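The values are calculated or read from the model by the stated rules, or taken from the named source; none is laboratory data. Since the model is a prediction, treat every value here as computed from it, not as a measurement. When we count neighbours, we look across all protein chains shown, and the Cβ atoms used for this are built from the backbone with ideal geometry, even at glycine. Just the protein is used for accessible areas: all its heavy atoms, side chains included, with ligands, DNA and RNA removed. Shrake-Rupley method; radii C 1.70, N 1.55, O 1.52, S 1.80 Å.
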Amino acid sequence: MIFAETDRLILRRARDQDLEPLVRSWSDPEMTRYTGEKPDVRSFLSGMIADMQAKTPGELEPGGPWYQFIVERREDDVLVGDIGVGFGIPGERQVELGYRILPDFHRRGYAREAVAAVIAYLIAEHDIHRFVAVAASPNEASGALLRSLGFRREGRFRQSFLCNGQWLDDDYYALLASEWSD
């Protein structure tokens, strides 16, 4: 099932064959530098894929309020990343966004394009009022991406995230649907 499309990308439901590219992404040291590592990433992702196949965006079960969209390149059907959407976080008609683009596809505008597509989809199909995103303060690229989409930094939580044995500050960003103009 396809949820959103751009000229270069498709945002779709997870498939079984997505497991290996996702395992590479979710275990790559560059990718886990600001998100932390999962102890058994393969089992976690197998369960996540099964959950995403069993529900549609916005359903709470199975697996809780998060829905993981697969980001695929249109020209060759290659998985370039994924976008997580936490429905109802932090409240009604709000979502928290998280995104991950594989290192081979960095600096090509895919993250901005994919996040913009998911925002437009969520406004149109789910009447989302407010979007939030949390970025580890040292992750300057993530903060720049959010600001480029119109998010504003609403605060910094000092040493609020234990990541790979180190306490990191988190920056909280938000965007109202009424401010969306991409």
Taking the range 60-76 and keeping only residues that are touching a strand residue (DSSP E or B) at 6+ places or on another chain (Cβ under 8 Å) and either free of Cβ contacts under 8 Å to residues at least 24 places away in the same chain or of a type in the set (Gly, Ala, Ser) (or both), one is left with 66, 67
Of residues in the range 156-182 being among the hydroxyl-bearing types (Ser, Thr, Tyr) and open to solvent by 100 Å² or more (accessible area, probe 1.4 Å), the one nearest to residue 95 (Cα to Cα): 178
Residues in the range 36-49 that are open to solvent by 50 Å² or more (accessible area, probe 1.4 Å), free of Cβ contacts under 8 Å to residues at least 60 places away in the same chain and touching a helix residue (DSSP H, G or I) at 6+ places or on another chain (Cβ under 9 Å) total 4
Please state which one of 24, 12, 33 is surrounded by 14 or more Cβ atoms within 10 Å (Cβ to Cβ), charged (D, E, K, R) and at pLDDT below 85. 33
Got a number for residues in the range 113-148 being over 15 Å from the mean Cα position of the chain (by Cα), crowded, with 16+ Cβ neighbours inside 10 Å and modelled with pLDDT under 95? 1
How many of the residues in the range 14-34 are under 19 Å from residue 169 (Cα atoms) and in contact with a strand residue (DSSP E or B) (Cβ under 7 Å, 6 or more places away or on another chain)? 2
Exclusive hit being in contact with a helix residue (DSSP H, G or I) (Cβ under 7 Å, 6 or more places away or on another chain) and among the charged types (D, E, K, R), set 182, 170: 182
Flag if residue 92 is loosely packed, with under 13 Cβ neighbours inside 10 Å, free of Cβ contacts under 8 Å to residues at least 60 places away in the same chain and not aromatic (Phe, Trp, Tyr): yes
Would you check if there is a residue in the range 115-128 being assigned to a loop (DSSP other than H, G, I, E, B), among the hydrophobic types (A, V, I, L, M, F, W, C) and over 19 Å from residue 19 (Cα atoms)? yes
